[in-house]
Amino acid sequence: MMTGKRLIISAAVLALVQIGFLSWIIARRAEILRDGKQVLLRVEPIDPRDLLRGDYIMLSYDISRIPVKLIANVPAGKLASDDTPIVVRLKQGADGYWGATTAWFGQAPAPAASNEADIVGHVSEGWDLSAATTIAPDYGIERFYLPEGEGIAIQNDMRVRPFGIRVAIAADGTAQIKALMDGDKTLFEEPLY
Amino acid sequence: MASYSSRVGADIARWLQAGLIDASTADALRRDVEANKRNSLSFGSILAMMAALLFGAAVLIFVAANWEAIPRLSRVAALFAIIFAGYVGGAVLKTRDHSAIGEALWIVAAAAFGGSIALIGQMYHLSGDETSALVTWGAGTALAAVALRSNPLTVASVGIADAWLFLRGFDYFGRAEFPHLFDVMAIVLFAISFWTRSRAARHLVILSIIFYLMLLFTEYETLQVAVPLVVVSALLFAAAIFAAGFVDRIVQLGGRLPLHALIGFLTGLVMIQFELAGESNNSGFAIASAVALAGIVAAIVLGGRESRGLRWVAYAGFAFELAIIYVVMLQSMLDTAGFFLAAAVLLGLLALVILRVEKRMRAPSVEGATA
């Protein structure tokens, strides 16, 4: 049996470790929001069945589908993808939205230029890698939580006019949703904390 | 259970007075009753644990409601306060001999940790799936179990690992990988359960491993899962029966290892039967069925006397075997009337076997008591 004092001390240490861990996640996310490079991504109209689940909407981006011919380092003769990270290089188009220019499995061979940004996603195993197809990476930003009850209205609006998501991207490519945009209007802007 | 210990106390006093035992024996008995009382589940501790689980669920649902009325930083702070107060307050109560309430508070704190993970996911729109959040939550809970040497927290972390396995295992529509990580979780949690003296967690881990192997089997449809499961289970069963004392000192399952081994053995054989049932030549299926039936008989003969639970698992296995053999071997030969006849015969056979075995198992022990 643990003695009384030791038990209380280990309980306190345990609580601080868990709280510290959670605070670290918050601090890291806030840092991306504050210092990350900002890009605007177009949100695709989504199949309404998938659109609303509880109080978040599922988002699908233009860059959620990457044509295999954009991927610069597909090994010759490889038929299906591995479970791997993918780096997608983004550049701003004339309409203000950022789009994919090139992509690499694993790591990018050279850092992005100042007018470009690299976002890191994840590709699961088994995507067809023949030239005419597309693959669908996840970036960890495919969900937007809304105040209760506001999901339906936004879901309906999204299908009639373009919506965008302003994303902050950290130096290591981790993406973080910053704001939901209705055309030029900011609908929800995330505070740091 | 408290009433049991007070009853025994009265009995001991009476035996002492009647001169059946001497004072030192009476003392030793009282100490033993006192020492073992702690481990038993009292009604109060069950209620405390249920209250803790309800409160934990309330915390999680409160977070999931994404309620905007409270600024989210205050919600985070409130959850952090619950974590700290739960762990430390629980420890204080535990040292002051309110063990059940202390453990219950720890469960609340662990739930608040999970709720915080969910809330942070909401705050920053993290779409990294629920399952990875579950892994973090389970790891935090396992850490708490180790730090506080807590049986309920160990069981809770096994439960979270199972929830993860369940979500991943049945995620046919998602693109998730097969949850191979469960191997590691099971080993780690099994090891932790010795430190936290959590026999319940060990039972749960073993059953979860069998469930995991079933998922593995449905994913890959292969005998490479089923055959080792059968062999290992049979070996474990033999070890648990023939070296009972030694094996139980190692695994500390309260003599229930044969039960798990029999469940594993039958699960493996059913997998083999499913795999072979479709083949045109049914000899493989017949052999597997014969092995299953022989295994059930052997289990009852070798271990049935000591364990009623083992006998009932054996009967359930026997009933299942009868059903599966009927479906595969005979179904096409019989019409509907024949089906009812066959069902009647099989049920009658089952009843006969159970009645006979139960009678045989009971008889010698009654004689032993009267002799």
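The values are calculated or read from the model by the stated rules, or taken from the named source; none is laboratory data. These numbers were taken from a predicted model, which means no experiment stands behind them. Because the Cβ atoms are built from the backbone with ideal geometry, glycine has one as well, and the counts that use them run over all protein chains shown.
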Item to check | Among (1) farther than 29 Å from A:Ala27 by Cβ; (2) assigned to a strand (DSSP E or B), the one test that A:Asp82 misses | outcome: (2)
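Listed here are the residues, each with its yes/no results for (1) at pLDDT 90 or above; (2) not assigned by TED's automatic domain parsing to the domain that holds A:Asp184; (3) not basic (Lys, Arg).
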site	(1), (2), (3)
A:Met1	no, yes, yes
A:Leu7	yes, yes, yes
A:Ala11	yes, yes, yes
A:Val17	yes, yes, yes
A:Ile25	yes, yes, yes
A:Asp50	no, no, yes
A:Gly54	no, no, yes
A:Ile57	no, no, yes
Checklist outcome for this item: Selection from segment B:69-93 of residues surrounded by 22 or more Cβ atoms within 10 Å (Cβ to Cβ) and either touching a residue at least 60 places away in the same chain (Cβ under 8 Å) or among the aromatic types (Phe, Trp, Tyr) (or both) yields B:Tyr87
Next on the checklist: Looking only at segment A:119-147, how many residues end up being within 11 Å of chain B (Cβ to nearest Cβ) and within 17 Å of A:Arg166 (Cα to Cα)?
Outcome noted: 9
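Quick check on my filter: what residues within segment A:177-193 are surrounded by fewer than 23 Cβ atoms within 10 Å (Cβ to Cβ) and not in a loop (DSSP other than H, G, I, E, B)? Show your work before the answer.
Step one: list which residues in segment A:177-193 are surrounded by fewer than 23 Cβ atoms within 10 Å (Cβ to Cβ), which gives A:179, A:181-193.
Within segment A:177-193, A:Ala179, A:Met181, A:Asp182, A:Lys185, A:Thr186, A:Leu187, A:Phe188, A:Glu189 meet the criteria.
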Checklist entry - Do you know which residues across segment A:21-40 are in a helix (DSSP H, G or I) and either under 14 Å from B:Ile82 (Cα atoms) or in contact (Cβ under 8 Å) with a residue 40 or more places away in the chain (or both)? => result A:Leu22, A:Ile26, A:Arg29, A:Ala30, A:Glu31, A:Ile32, A:Leu33, A:Arg34, A:Asp35
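Does A:Arg143 count as more than 13 Å from the chain's Cα centre (by Cα) and buried (at least 18 other Cβ atoms within 10 Å of the Cβ)? Give the derivation first.
Values: more than 13 Å from the chain's Cα centre (by Cα): no; buried (at least 18 other Cβ atoms within 10 Å of the Cβ): yes.
The answer is no for A:Arg143.
Taking the stated definitions as given, is B:Ala111 over 20 Å from B:Gly44 (Cα atoms), more than 10 Å from chain A (Cβ to nearest Cβ), out of contact with any Lys or Arg (no Cβ under 9 Å at 6 or more places or on another chain) and of a type outside the set (Phe, Trp, Tyr)? Give the steps one after another, and end with the answer.
Values: over 20 Å from B:Gly44 (Cα atoms): yes; more than 10 Å from chain A (Cβ to nearest Cβ): yes; out of contact with any Lys or Arg (no Cβ under 9 Å at 6 or more places or on another chain): yes; of a type outside the set (Phe, Trp, Tyr): yes.
Taking the combined requirement at face value, the residue satisfies it.
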Next on the checklist: Just checking: which of the helices (runs of 4 or more DSSP H) contained wholly in segment B:126-244 hold 3 or more residues that are surrounded by 15 or more Cβ atoms within 10 Å (Cβ to Cβ) and within 14 Å of chain A (Cβ to nearest Cβ)?
Outcome noted: B:130-148, B:151-169
Item to check | Among (1) within 30 Å of A:Val13 (Cβ to Cβ); (2) modelled with pLDDT of 85 or more, the one test that B:Leu73 misses | outcome: (2)
